[in-house]
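Below is one structure, written out as C-alpha cells; comments come after it.
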Amino acid sequence: MNYTDEMVDPEEEYSYYVKAVYAGEESQPTATETITVPVPEDLEALGLEAAANVPNENDVTLNWDAPDACLAPDGYDIYRNGSQINTSLVTALTYVDPALEIGLYEYYVVAVYYFGESDPSDPVSTLITGIEDVNSDMFKIY
C-alpha cells in the first residue's frame, strides 16, 4: 500500500495516480496528486582545509568533511583558482594537488549529486614558497 519513487530530480514536478488491478482488469485511477521535490539543504562540503608541502614539497593536501545533507554526494570536484583540477570524480574526503609552482592558491570543493552540483564550499588559500623547512638554529637575530 506504499511506494517510494527514489532518485527523483529536485525542482521537477511529478504527478502520481493509483489504479487497482483485479483479475487482470484495471480500475479507474485515483485523483492525480502532483508534487515538486525541493532541493535538499546543506549540500556543500564542510570544513575545507589546505596543508602546503604535504605529503611532499610543493604539494597541497586538501581535506574536508561530507555535507550535512539528507543524501550523500556521488563525489566531489576540486577547484584551484577558479578552474577544476580533477579529471575524474573524487570519492574520498581528501585530495593532493602535486608539484605546484611557487605562488598563492585558492581552493574550493563542489559536491556532485545525481541531480547536479552543490554550491562551492568555503574557499581556503595556501602559499607555496619553495622554501624547505627551516631550522631555527641556523639563524641569529640581533
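Structure data summary
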item	result
Residue, farthest from Pro123 (Cα to Cα), within the stretch 40-50, restricted to residues that are in a loop (DSSP other than H, G, I, E, B) and open to solvent by less than 70 Å² (accessible area, probe 1.4 Å)	Pro40
Failed condition for Trp64, given (1) on the phi < 0 side of the Ramachandran plot; (2) within 14 Å of the chain's Cα centre (by Cα); (3) surrounded by fewer than 17 Cβ atoms within 10 Å (Cβ to Cβ)	(3)
Test: residue in the stretch 114-126 that is open to solvent by 80 Å² or more (accessible area, probe 1.4 Å) and without any contact (Cβ under 8 Å) to a residue 12 or more places away in the chain	no
Among (1) within 21 Å of Val110 (Cα to Cα); (2) at pLDDT below 95; (3) open to solvent by less than 80 Å² (accessible area, probe 1.4 Å), the one test that Pro73 misses	(2)
Residue in the stretch 40-49 that is over 24 Å from Ala72 (Cα atoms) and in contact with a Pro (Cβ under 8 Å, 6 or more places away or on another chain) present	no
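The values are calculated or read from the model by the stated rules, or taken from the named source; none is laboratory data. Values in this document were obtained by computation on a predicted structure and should not be read as measured data. Every residue, glycine as well, gets a Cβ built from its backbone with ideal geometry; the counts of neighbours run over all protein chains shown. These area figures cover heavy atoms from the full protein model, side chains too; ligands, DNA and RNA do not enter into them. Shrake-Rupley method; radii C 1.70, N 1.55, O 1.52, S 1.80 Å.
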